[in-house]
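A.B. asks: Following this message is one structure expressed as structure tokens.
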Amino acid sequence: MTSALAHTRATPRARAFWTAVHRMAGLITALFLFMAGLTGAIISWDHELDEWLNPDLYRVASRAPYRPAAEMASAIQRWDSRVVPTYWSLSYEEGHSAVFFVRALKDPTTGRVPTLDYNQVFVDPVTAKVLGRRDSRAVSLSTRNLMPFLRKLHYTLHVPPFRGSDRWGYWIMGGVALIWLLDSMVGLYLTLPARPRTQTLTPGVRRFMARWAPAWRIKAGATRYRLHFDLHRAVGLWIWIVLIVLAFTSFSLNLRQEVFFPMLSLVSKTTPRLESHLPKAPLGTVLEARHGFEAVMDTARQEAARRGWTTPMSGIFYNARYGFYNVSFFDRSVGGDASNMSLSNLYIDGRDLRVLTANEPWVGTAADVFAQLQLPLHSGRIFGTVGRVVMSVVGLLVAGLSVTGLLIWWRKRGARRGASRQRTSRLRAAST
């Protein structure tokens, strides 16, 4: 790599062009990346922080065998007959609540769907008592809603559905991520030393690295502008590989179905995505399942046994727009969750209980495994707690890079405007 970089050192003309590109891309993405960096640093610890902020929802004193999930779902419907659970939690931690998601049922007397002020219900898994509720979609900085608010802000900016789509926020953040990815490569190019005026026949890697070395350092005792510049350049270089991973996975996760999978299928064989060949209900409507959660759980147990899976069933979600169940398998006792490479899934048709497809970590084509890696890499959870710490620190540094980039631009903008005024004054003086 170093040898290749030595032959791509920036010429003055190229540097001026790519500096302008870097400046424009930075101005477009700076505020988005500042927000994404800060929220990403926080939501790396979303479960722990959410539990700390809302102990009344997450912690229970009961210690006894857990009730069946079906009993908890029935308790929710007795508590509020207007709702039906759409996600059942099937894996529990001692001293912690079980989390269910719900949607409103159509009122049989009016034919209308009532408006709910919540979509998440917390249940004591020992007593099946409802502990509380909240709206995880709410735009609110209250302690009750802070963590789900930050999580959704990070991925979708809380852009509401319109024109028949609820993916506008994903498209915006995916576009920002793509610009960020390309701009990170431009930024690396701009750190390379300019070509010397007298080019030697054999520049050598050692000489190149000596000329590049100042870009990796922060000069002591520098002016404020030079400090901002050194911080922006040196920090960007030291974490450049992680920035590329974050930018690429941000792009792939947000534009997964629109761009990432179509591009991936051009270079490697991919398993067709389930949503690509299933009918989709219009936004705001649902496809009612003909079979309930318990029947799906029985089917999932049989299929998991047939496949030799030993990981426990941990949750089941009904996707009402496509009419299928997503049954997830991971083991909380060994640190498994939905964000690392320990998650397996069975997708079961809600109409006839057919197993539509499955997802198993590290299984499938090279493209399938690459796609599986995107969220674990983005969250850092593929490397456990160390990965989460790294992503939190890098998130803060991304926010800092956005700030230093804006400060550099503002200082240069002031200098350019001052120079322009001086030229104008000299021209006016010469004409009089």
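The values are calculated or read from the model by the stated rules, or taken from the named source; none is laboratory data. A quick note: this is a predicted structure, and the numbers were derived from the prediction, not measured. Every residue, glycine among them, receives a Cβ derived from its backbone with ideal geometry; neighbour counts consider all protein chains shown. These area figures cover heavy atoms from the full protein model, side chains too; ligands, DNA and RNA do not enter into them. Shrake-Rupley method; radii C 1.70, N 1.55, O 1.52, S 1.80 Å.
A.B. asks: At q = 0.23, 0.27 Å⁻¹, what is the base-10 log of I(q)/I(0) for segment 88-162 according to the Debye formula with one equal point scatterer per Cα and no solvent? Please give it to two decimals.
C.D. replies: Each listed q corresponds, in turn, to -1.10, -1.19.
A.B. asks: What accessible area, in Å² to the nearest ten, does a 1.4 Å probe give for LEU31?
C.D. replies: 130 Å²
A.B. asks: For the charge dipole of segment 181-303, defined by +1 on Lys and Arg C-beta atoms and -1 on Asp and Glu C-beta atoms about the Cα centroid, which residue among TYR189, SER250, SER265 has the Cα displaced farthest towards the positive pole?
C.D. replies: The Cα lying farthest towards the positive end belongs to TYR189.
A.B. asks: Quick one: if the Förster radius is 60 Å, what FRET efficiency do GLU71 and ALA430 give, using the C-beta to C-beta distance and rounding to 0.05?
C.D. replies: 0.10
A.B. asks: Quick check on packing: order 120-126, 209-215 by the mean number of other C-beta atoms within 10 Å, highest mean leading.
C.D. replies: Taking the mean over residues of other Cβ atoms within 10 Å, the ranking is 120-126, 209-215.
A.B. asks: Rounding to the nearest 10 and keeping the result within 0 to 90°, find how far the Cα-based axis of helix 69-79 lies from the longest principal axis of the chain.
C.D. replies: 90 degrees
A.B. asks: A follow-up question, please. Add +1 for every Lys or Arg and -1 for every Asp or Glu among the other residues with Cβ under 13 Å from the Cβ of TYR155, and state the total.
C.D. replies: +3
A.B. asks: What share of all Cα pairs of segment 15-75, in percent, falls into each consecutive 10 Å distance bin?
C.D. replies: Computed distribution, short to long bins: 17, 22, 22, 15, 12, 9, 5.
A.B. asks: Still on this structure, please answer the following. Hey, could you pull the Cα Rg and Dmax for segment 125-167, both in Å?
C.D. replies: In Å, with Rg to one decimal and Dmax whole: 13.9, 44.
A.B. asks: Using mean Cβ contacts within 10 Å as the protection proxy, how do 128-141, 39-52, 171-184 order, highest first?
C.D. replies: Most protected by this proxy first, the peptides run 171-184, 39-52, 128-141.
A.B. asks: To continue, here is another question. Grab the eigenvalues of the alpha-carbon gyration tensor for segment 245-287, scale each by 5, take roots, and send me the semi-axes largest first in whole angstrom.
C.D. replies: Three semi-axes, in Å: 24, 15, 6.
A.B. asks: Once you keep just the Cα pairs under 8 angstrom separated by 6 or more residues, what percentage relative contact order results for the chain? List each step's numbers first, then the result.
C.D. replies: On the way: 615 pairs, mean separation 80.9, N = 432.
Over the chain, the number comes to 19 percent.
A.B. asks: First select every other residue whose beta carbon is under 14 angstrom from the beta carbon of LEU105; then total the charges, Lys and Arg +1, Asp and Glu -1.
C.D. replies: +2
A.B. asks: Under 1.5 on a/c is rounded, so check that first for segment 1-135, then, if it is not, pick prolate when a/b is larger than b/c and oblate when it is not; a ≥ b ≥ c are the square roots of the alpha carbon gyration tensor eigenvalues.
C.D. replies: prolate
A.B. asks: Please compute the Kirkwood hydrodynamic radius over the chain, one decimal place, Å, based on all pairs of different Cα atoms.
C.D. replies: Numbers: mean 1/r = 0.0398 Å⁻¹.
By the Kirkwood definition, the hydrodynamic radius is 25.1 Å.
A.B. asks: Relative to the present Cα-Cα distance, how much length would full extension add between GLU303 and ILE241 at 0.36 nm per residue of separation?
C.D. replies: Details: separation 62, 0.36 × 62 = 22.32 nm, distance 4.02 nm.
Once the chain is fully extended between GLU303 and ILE241, it gains 18.3 nm.
A.B. asks: Within the chain, what whole-number % of the accessible surface is contributed by carbon and sulfur, with the 1.4 Å probe and all protein chains included in the calculation?
C.D. replies: Its accessible area is 61 percent carbon and sulfur atoms.
A.B. asks: Let me ask something else about it. Provide the per residue accessible area, probe 1.4 Å, for segment 302-432, rounded to a whole number of square angstrom.
C.D. replies: 52 Å²
A.B. asks: With n ≥ 4 as the cut-off for DSSP H runs, can you work out [θ] at 222 nm for the chain, using -39500 (n - 2.57) per run divided by the number of residues, rounded to the nearest 500?
C.D. replies: -16000 deg cm²/dmol
A.B. asks: If you count only protein heavy atoms with a 1.4 Å probe, what accessible area per residue comes out for segment 1-140, rounded to a whole Å²?
C.D. replies: Working: 7370 Å² over 140 residues.
The answer is 53 Å² per residue.
A.B. asks: Same structure, new question: What are the ³J(HN,Hα) couplings of segment 340-356, residue after residue, when phi is run through the Karplus curve with 6.51, -1.76, 1.60 and θ = phi - 60°? Round to Hz, x for glycine and proline.
C.D. replies: With the stated coefficients, segment 340-356 comes to 10, 8, 10, 8, 10, 9, 10, 10, 10, 5, x, 8, 9, 6, 5, 7, 7 Hz.
A.B. asks: I've got another one for you. Distance in nm between label sites at ALA366 and ARG78, each 7 Å beyond Cα in the beta-carbon direction?
C.D. replies: 5.7 nm
A.B. asks: So what is the diffusion coefficient of segment 86-223 in µm² per second by Stokes-Einstein at 37 °C and 0.692 mPa s, using a Kirkwood Rh over Cα pairs?
C.D. replies: On the way: Rh = 21.1 Å.
D = 155 µm²/s.
A.B. asks: Another question about this same structure. With a 10 Å radius around each residue's Cβ, average the other Cβ atoms per peptide and rank 372-378, 355-361, 246-252, highest first.
C.D. replies: In decreasing order of mean packing, 372-378, 355-361, 246-252 become 246-252, 372-378, 355-361.
A.B. asks: What does segment 273-375 give for Rg and for Dmax, in Å, if only its C-alpha atoms count?
C.D. replies: Both quantities, over Cα of segment 273-375: 14.0, 40 Å.
A.B. asks: Rounded, prolate or oblate: which fits segment 200-260, taking a ≥ b ≥ c as square roots of the Cα gyration tensor eigenvalues, rounded meaning a/c under 1.5, else prolate when a/b beats b/c?
C.D. replies: In terms of gyration-tensor shape, oblate.
A.B. asks: Determine the shape class of segment 29-108: with a ≥ b ≥ c the square roots of the Cα gyration tensor eigenvalues, call it rounded for a/c under 1.5, and otherwise prolate if a/b is greater than b/c, oblate otherwise. Show your work: numbers first, answer last.
C.D. replies: Values: a/c = 3.19, a/b = 1.51, b/c = 2.11.
Judged from the Cα gyration tensor, segment 29-108 comes out oblate (a/c at least 1.5, b/c at or above a/b).
A.B. asks: Another question, if that's okay. So what are the ³J(HN,Hα) numbers for segment 123-138, from phi and the Karplus equation (6.51, -1.76, 1.60; θ = phi - 60°), rounded to whole Hz, Gly and Pro as x?
C.D. replies: Each residue's phi maps through the Karplus curve to give 10, 6, x, 8, 9, 6, 8, 6, 8, x, 8, 6, 9, 6, 9, 5 Hz.
A.B. asks: Students often forget the sequence filter, so: which lysines lie under 30 Å Cα-Cα from LYS412 once same-chain residues fewer than 8 apart are removed?
C.D. replies: By straight Cα distance, LYS412 reaches LYS219.
A.B. asks: Relative to the longest principal axis of the C-alpha atoms of the chain, give the angle of the C-alpha long axis of helix 293-307, reported between 0 and 90° and rounded to the nearest 10°.
C.D. replies: 70 degrees
A.B. asks: Would you mind estimating how fast segment 221-315 diffuses translationally, via Stokes-Einstein at 25 °C and 0.890 mPa s with the Kirkwood radius over Cα pairs, in µm²/s?
C.D. replies: 129 µm²/s
A.B. asks: Calculate how steeply helix 12-43 sits against the longest principal axis of the alpha-carbon atoms of the chain, using the helix alpha-carbon long axis, and give the answer as 0 to 90 degrees to the nearest 10.
C.D. replies: In the chain, helix 12-43 runs at an angle near 30 degrees to the longest axis.
A.B. asks: So if R0 is 45 Å, what FRET efficiency would ASP331 and LYS106 give, r being the distance between their Cβ atoms, rounded to the nearest 0.05? Intermediate results must be reported in sequence, preceding the final value.
C.D. replies: Numbers: r = 38 Å, r/R0 = 0.83.
So, using R0 = 45 Å, E works out to roughly 0.75.
A.B. asks: Note down the magnitude of the dipole of the chain about its Cα centre, charges +1 on Lys and Arg C-beta and -1 on Asp and Glu C-beta and zero elsewhere, to the nearest 20 debye.
C.D. replies: Value, rounded to 20: 3380 debye.
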